[in-house]
1. Just for region 323-338: of the residues that are modelled with pLDDT of 95 or more, more than 15 Å from E435 (Cα to Cα) and surrounded by 16 or more Cβ atoms within 10 Å (Cβ to Cβ), which one is nearest to the ligand (Cβ to nearest atom)?
2. Residue check: is S404 hydroxyl-bearing (S, T, Y), more than 16 Å from the ligand (Cβ to nearest atom) and not in a loop (DSSP other than H, G, I, E, B)?
3. For region 172-190, name all the residues that are surrounded by 21 or more Cβ atoms within 10 Å (Cβ to Cβ) and either more than 16 Å from the ligand (Cβ to nearest atom) or not hydrophobic (A, V, I, L, M, F, W, C) (or both).
4. As an exercise: evaluate R396 against (1) modelled with pLDDT of 95 or more; (2) buried (at least 17 other Cβ atoms within 10 Å of the Cβ) and give the number of the one condition it does not meet.
5. Taking the conditions exactly as written (among the hydroxyl-bearing types (S, T, Y), within 16 Å of the chain's Cα centre (by Cα) and within 14 Å of the ligand (Cβ to nearest atom)), does Y164 satisfy them or not?
6. How many residues does region 354-389 hold that are assigned to a strand (DSSP E or B) and in contact with a Lys or Arg (Cβ under 6 Å, 6 or more places away or on another chain)?
7. What do you reckon, is H243 without any contact (Cβ under 8 Å) to a residue 12 or more places away in the chain, more than 16 Å from the ligand (Cβ to nearest atom) and closer than 22 Å to N180 by Cα?
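The values are calculated or read from the model by the stated rules, or taken from the named source; none is laboratory data. Please read these numbers as outputs of a predicted model, since none were measured by experiment. Glycine gets a Cβ as well: all are built from the backbone with ideal geometry, and neighbour counts include every protein chain shown.
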Amino acid sequence: MQECRFILLGATGDLALRKIFPALYRASLSGLKPNITACARSPLSTPEFLDKLSTKAKEYIKDLDPKAWADFAANISYTPLDFNKPEDFKALKSTHPNTIIYFSIAPAFFAKACQKLAAVGLNAPNIKIVLEKPLGTNLQSCKDICAQIGKHFKEEQIYRIDHYLGKQSVQNLFYLRHNNPFLAGLLSAHYLDHVQISVLETLGVESRGGFYDPMGALRDMLQNHMLAMLALSTIPANTPTEHTRQAKLEMLRSLKPLNQESLKSQVVRGQYMAGGGFKGYTEEEQVNPHSQTETFVALKLELEHQNWQGVPFYLRTGKRMGASLVQVVFVFKGPPQALVYTIQPQCSLELQLQGMGALKSTLDSGMDAYERLILEVVAGNQSPFNHQDELEAAWRFVDPILQSWQENLTPLLPYAAGSFGPKAAFDLLKQDNREWFVHV
Ligand code: BG6
């Protein structure tokens, strides 16, 4: 049994109820004993909060064991927390040597929360903070938020989450090559024609319109999850495992900046319209009816890195797509045709052979991302978390795209819900005599 003190800010929010508590519960089944203080603005008592939490737990946790849940819930207390009331923070004091404070709150409140925590000594060296994405909305705001946090917490106390980095199947984009040198040889500029990364969701924005509308697909998915997948797919296969974070940073820094011309010809943005019985994006709850927010983005990029000379990468992500699929496809110059690594819905590896069909193997996708990441924080392992420099490198690449959209350099294209995005996303590859490998 490993004990820890877990203070969760934003405990009544969607992410906390849907992902973080279920992950803590599962971690408790595998030996973690978290003493949890749940905090949010609502003036609830502990029994009232637990009532709400238990209802959600039944919805979100498969195979919930009532006895194990009762044991887990016995270690949860609820404390109302108003960021404008310093006395509320005093109630949070913790002397536990392994104290984790999880910020499941909007980044706009990160700086204030850090300042208030520090004022009551909750920034002592034994305290670790976990920050949810997105950290900022562009490079400058990311730097500003990080600078504010840095006034109170040292880098070794900060765990910046990208839950894709907690997926074993995503980490395996590196381990696949690291542990199998013959694959590393094959997945290189010498043999590859190009690489495709798709993160497609059939879901729309659901009840998250308020969060999503100021965000959009580029900030919500591409800046973080997709660039993380790209980095793990491209870091040198012989990187010692303890140096992967530094290696990822080098790959992100090698992203070739898009210029005026490529911003126009290599980036596609789209928004879903009503289709297949689904509402259009602008009809969704809490979305501005005139919203210009993209729910789809596709782009072509290159790496200015000696290992990846001449290998273009095509990335696409969208909501309300025709299928749910997270996939990296390595397309070869000659036979074999492609190596298809699917992360979701089920992890698999498929080698497309010339004239012989495909060799396919289903793989284990490992434990839930949030559970794994929480256990890594408890263990003090920062490697599956983002360093500030990685976030900045990713924003540095994304910023000009955001800027070009503000200047209306490219149009926001409509696509029908249930399709695979605007035609322009297909033309992006067609103009290079290539096509998306939609494999469902
Ligand atoms: C989140 C995004 O980070 O990732 C969501 O905010 C998205 O919009 C989700 O749906 C996808 O994660 P997963 O693990 O379901 O692929």
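1. Once the filter is applied, the top-ranked residue is V326.
2. In short, yes.
3. Matches in region 172-190: N172, F174, L176, R177, L187.
4. Of the numbered conditions (1) modelled with pLDDT of 95 or more; (2) buried (at least 17 other Cβ atoms within 10 Å of the Cβ), the odd one out for R396 is (2).
5. It is true that Y164 is among the hydroxyl-bearing types (S, T, Y), within 16 Å of the chain's Cα centre (by Cα) and within 14 Å of the ligand (Cβ to nearest atom).
6. Residues flagged as assigned to a strand (DSSP E or B) and in contact with a Lys or Arg (Cβ under 6 Å, 6 or more places away or on another chain) within region 354-389 amount to 1.
7. yes
This table checks each residue for (1) of a type outside the set (A, V, I, L, M, F, W, C); (2) touching a residue at least 40 places away in the same chain (Cβ under 8 Å); (3) within 12 Å of the ligand (Cβ to nearest atom).
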{"position": "L192", "(1), (2), (3)": "no, yes, no"}
{"position": "T202", "(1), (2), (3)": "yes, yes, yes"}
{"position": "M215", "(1), (2), (3)": "no, yes, yes"}
{"position": "Q223", "(1), (2), (3)": "yes, yes, yes"}
{"position": "A228", "(1), (2), (3)": "no, yes, yes"}
{"position": "L232", "(1), (2), (3)": "no, yes, no"}
